[in-house]
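Here's the structure we're looking at; comments come further down.
Computed from the coordinates by the stated procedures, all read-outs in this text should not be read as laboratory data. Note that the coordinates shown come from a computational prediction; the quantities given were computed from them, not determined experimentally. Positions of Cβ are backbone-derived with ideal geometry, glycine not excepted, and every protein chain shown enters the neighbour counts.
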Amino acid sequence: MLTRRHFIQTTTALFSSAIATPLMARTRPTGAEKAAWDAQVTPAGFDPATSNPWGVHPRFLPQRVVANDSLRVGDVHVDAVARYVYHIEEGGTAMRYGVAIARGNLYEPGTYTIKRKVEWPHWTPTQNMIKRDPELYAGLQDGVNPGPENPLGSRALYLFQGNRDTYLRIHGTPEARSIGGRASSGCVRMIMAHINQLYPNVRTGSTAYLYSAEESVVARS
């Protein structure tokens, strides 16, 4: 199993301070709709480092941190204990964002390839989700159209292993107050304004590492 210790030898050594399937839609959102929704989910005068109308803990706001030189530029790392996602940048830095991870044993540590990216995606619950919680998901089996209330939010990064879609995503969420917790059915959640910032910087073909949620080492800013 891929554990967090593969990623974090000590936090100060690596970073120092400063499930769903796409619905084949009959119609896709227009550029005007996407722009209007982006404006709706972005706070007025948005400053990533300080804007916090969602009331999350300040440590979950975006921050640029120092990264270990051994980490490959472009890769994405999810620290399931501290609830952070890091995107490794050129120049020895990384952008860090707060996340929510899956409930209980639904979280799946591993190494994945980001093979697809979608702005304002459709969403359909998986058959496993419907079986686990039919009262919640059975009525949604035909899918949910894009928009600010869609469970995948404004952006989604699709995680594959080889050519197999794992149905795991790193995605926006309309439930911003879940950030920092264990809330999803398998995916990694981000605040929509934050993933909107991250999304254009992540290339398809990049590797995403999801580390174990059972490690006891806690990252510090």
Let me check I've understood the local charge: for ALA32, count other residues with C-beta under 14 angstrom from its C-beta, Lys and Arg +1, Asp and Glu -1. What total comes out? -1
Cβ-based net charge around ALA94, under 14 Å, with every Lys or Arg adding one and every Asp or Glu removing one: -2
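What number comes out for the charge environment of ASN201, summing +1 per Lys or Arg and -1 per Asp or Glu over other residues with Cβ under 15 Å away?
Working: positive: ARG64, ARG72, ARG96, LYS117, ARG155, ARG203; negative: ASP75, GLU89, GLU90, GLU119.
Counting the neighbours of ASN201, the net charge comes to +2.
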Test of understanding: what is the full-extension gain from VAL73 to ARG203, defined as 0.36 nm times their sequence separation minus their Cα-Cα distance? 45.7 nm
